[in-house]
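What follows is one structure encoded as structure tokens, with my remarks underneath.
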Number of protein chains: 2
Amino acid sequence: MKVIRTIAELKEWVIETKQAGRTIGLVPTMGWLHEGHFSLLREAKKNCNQVVVSIFVNPLQFGQGEDYEEYPRDLTRDSRGAEKEGADVIFAPSVQEMYPRGFKTTVEVKGITEKLCGASRPGHFLGVCTVVTKLFNLVQPDKAFFGQKDAQQVAVIKTMVEDLNMPLSIEVVPIVREADGLALSSRNSYLSQEERKGALVLSKALRIGENLILQGERKTSIIKKNMEEVIKEERLAKIDYIAICIGKELEEAEELPPSGEALLALAVYMGKTRLIDNTVVCIDNGNKRLID
Amino acid sequence: MKVIRTIAELKEWVIETKQAGRTIGLVPTMGWLHEGHFSLLREAKKNCNQVVVSIFVNPLQFGQGEDYEEYPRDLTRDSRGAEKEGADVIFAPSVQEMYPRGFKTTVEVKGITEKLCGASRPGHFLGVCTVVTKLFNLVQPDKAFFGQKDAQQVAVIKTMVEDLNMPLSIEVVPIVREADGLALSSRNSYLSQEERKGALVLSKALRIGENLILQGERKTSIIKKNMEEVIKEERLAKIDYIAICIGKELEEAEELPPSGEALLALAVYMGKTRLIDNTVVCIDNGNKRLID
């Protein structure tokens, strides 16, 4: 496995790989790799000849007062993990390499970036779209792999790729969870033992919402109220948002449609750590089950 | 020569062309092709195996009250011209094809887009950057060819390509002028006979500025004053801006540096028609000439 730190070296590798007729899979990450990332990597490995894992804690997607400085970084640890899982290249550029002096171009998706995480993290998705565009242009992957864990990010990037006609496909890989239900996240490393226990309310709330829909509940206010209640029972948890969305525009409605999919998404602070989680529910499964 | 109207058909052509190992040159235009465009096309032909001329009057780069509706369009005429000059493909998509319902992504370069043409055409360069990004992603050219006529556009696109690591090179082709000095532009077709005569003040003013610099003048206020005076002698002309800029950030300074290049750029209304023109002066040529 190659560890590439500069754009110049990456460009050479991309040209050689393309000339050899090999397909490229990209797994963009901020490092501190866990099973969630590895599941992306394995999916990429299955679908592409060569797999690039990018590791870059992107300052542009962090707001003031967020955890840019604290975000866990360990290239040695990540290299070991990525190599074991079969990555061909780690691309780990410096901030200076990605944003040299005078950098002034941004990519922005309107609308769907302003709600959910975008509402409490203004500028976050502008940072995500800009760095992802750069990575796509640098690596020129045939497929890029993203985790369903960041459901809004997936929706935003799919929109960006479609709108700007970017020549690649976006592959979405399911959330990986701990045995007790906690969704894997590099930010879980911030949690105290007590916070770690309390963090189970996220997946618990999602299961409650899911079950209500499967039982036929269609009023989102009622579903959200029930989810809210279970989170409020946890003393260390503070809700940022609970949202129930429809379609690729992530529209929030008073009432769910009779069929289709609903995204249940939430962000909750456990102490200072902001965690997110989500699940996609096939709405008419519930009705079918009642008929069965 | 192929005339392609849909993205689906273009994608097929691009895949075939790439698989055959052929290089692609792109000449992005808004149509109503003239010698200026043809000089781009010939340059592309010299440097690339296959040349795509895109023809798309991009609504996103026109402001309210601008000439989007009136902009001259004639695909039959343009196809004939492009074929004669050796184009391999004309890509002429509809607005619906380029901006389907729900389109919401933009590419923006800050700073250099806010001055000169950007000051009187807010949003113009956001529209340019967005459509050019789409065209680059669709055509995947090795080289794209732009006219020096739109000097600020060239600076903006070079910055965008560099910042976003787009995998192509930008080639700039000199301004083509009529025998009497008027820079070619599709918008010249709007001019009445009298306006056409008056429009000579643009190139005349540039020559005056150029000569002052070559004679050793370094104060931009004096140079601009002299340029302004010649334009004001023309009754039909109304100055939008006269600017003297340094470097790729298009910085305006009180005093020119002793060496390097200066961009003299202006926009002038002739009646309702807004015309632009520019010239690049090698500053120390004048000094050299005095020493010779």
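Listed values, structure above:
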item: Scope segment A:59-77; condition more than 14 Å from the chain's Cα centre (by Cα) and surrounded by 19 or more Cβ atoms within 10 Å (Cβ to Cβ); matching residues; result: A:L60
item: One residue from B:K45, B:K11 being open to solvent by 60 Å² or more (accessible area, probe 1.4 Å), closer than 30 Å to A:A20 by Cβ and within 14 Å of another protein chain (Cβ to nearest Cβ); result: B:K11
item: Breaking point among (1) open to solvent by less than 20 Å² (accessible area, probe 1.4 Å); (2) within 14 Å of another protein chain (Cβ to nearest Cβ), for A:F145; result: (2)
item: Residues located in segment B:206-220, provided they are closer than 16 Å to B:P257 by Cβ and surrounded by fewer than 18 Cβ atoms within 10 Å (Cβ to Cβ); result: B:G216, B:E217, B:R218, B:K219
item: Matching residues, segment B:19-49, being at pLDDT 95 or above, part of a helix (DSSP H, G or I) and more than 12 Å from B:A87 (Cβ to Cβ); result: B:E35, B:G36, B:S39, B:E43, B:K46, B:N47
item: Search result, residues across segment A:56-82 that are closer than 15 Å to A:R187 by Cα, touching a helix residue (DSSP H, G or I) at 6+ places or on another chain (Cβ under 8 Å) and without any contact (Cβ under 8 Å) to a residue 60 or more places away in the chain; result: A:Y68
item: Qualifying residue in segment A:139-151 (condition: free of Cβ contacts under 8 Å to residues at least 40 places away in the same chain and more than 26 Å from A:A205 (Cβ to Cβ)); result: no
item: Options A:R22, A:R80; residue that is open to solvent by 20 Å² or more (accessible area, probe 1.4 Å) and more than 30 Å from B:S169 (Cβ to Cβ); result: A:R80
item: Leading residue by the ranking (farthest from B:D74 (Cα to Cα)) among those in segment B:176-205 that are under 12 Å from the mean Cα position of the chain (by Cα) and crowded, with 20+ Cβ neighbours inside 10 Å; result: B:A183
item: B:G102 vs. criteria touching a residue at least 60 places away in the same chain (Cβ under 8 Å), open to solvent by 10 Å² or more (accessible area, probe 1.4 Å) and at positive phi; result: no
item: Flag for A:D150 being touching a strand residue (DSSP E or B) at 6+ places or on another chain (Cβ under 9 Å) and among the acidic types (D, E); result: yes
item: Qualifying positions in segment B:85-98 - open to solvent by less than 50 Å² (accessible area, probe 1.4 Å) and not in a loop (DSSP other than H, G, I, E, B); result: B:V89, B:I90, B:F91, B:M98
item: Top-ranked residue of segment B:93-141 - restricted to ones that are aliphatic (A, V, I, L, M), in contact with a helix residue (DSSP H, G or I) (Cβ under 6 Å, 6 or more places away or on another chain) and more than 17 Å from B:F56 (Cα to Cα), ranked as farthest from the other protein chains (Cβ to nearest Cβ); result: B:L116
item: B:E229 vs. criteria open to solvent by 70 Å² or more (accessible area, probe 1.4 Å) and either touching a residue at least 40 places away in the same chain (Cβ under 8 Å) or not aromatic (F, W, Y) (or both); result: yes
item: Segment B:257-288: number of residues that are without any contact (Cβ under 8 Å) to a residue 60 or more places away in the chain and either assigned to a strand (DSSP E or B) or buried (at least 20 other Cβ atoms within 10 Å of the Cβ) (or both); result: 5
item: Subset of segment A:6-46 (residues that are small (G, A, S) and in contact (Cβ under 8 Å) with a residue 60 or more places away in the chain); result: A:G25, A:G31, A:G36, A:S39, A:A44
item: Sole exception among (1) closer than 30 Å to B:F145 by Cβ; (2) in contact with a Gly (Cβ under 8 Å, 6 or more places away or on another chain) for B:K224, by number; result: (1)
item: Complete set of residues in segment A:159-184 that are within 13 Å of chain B (Cβ to nearest Cβ) and farther than 25 Å from A:I90 by Cβ; result: A:T159, A:E162, A:D163, A:L164, A:N165
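The values are calculated or read from the model by the stated rules, or taken from the named source; none is laboratory data. Please read all numbers here as calculations on a predicted model, not as lab measurements. All Cβ positions, glycine included, derive from the backbone under ideal geometry; neighbour counts span all protein chains shown. In case anyone asks, the SASA skips ligands and DNA or RNA and just uses the protein heavy atoms, side chains included. Shrake-Rupley method; radii C 1.70, N 1.55, O 1.52, S 1.80 Å.
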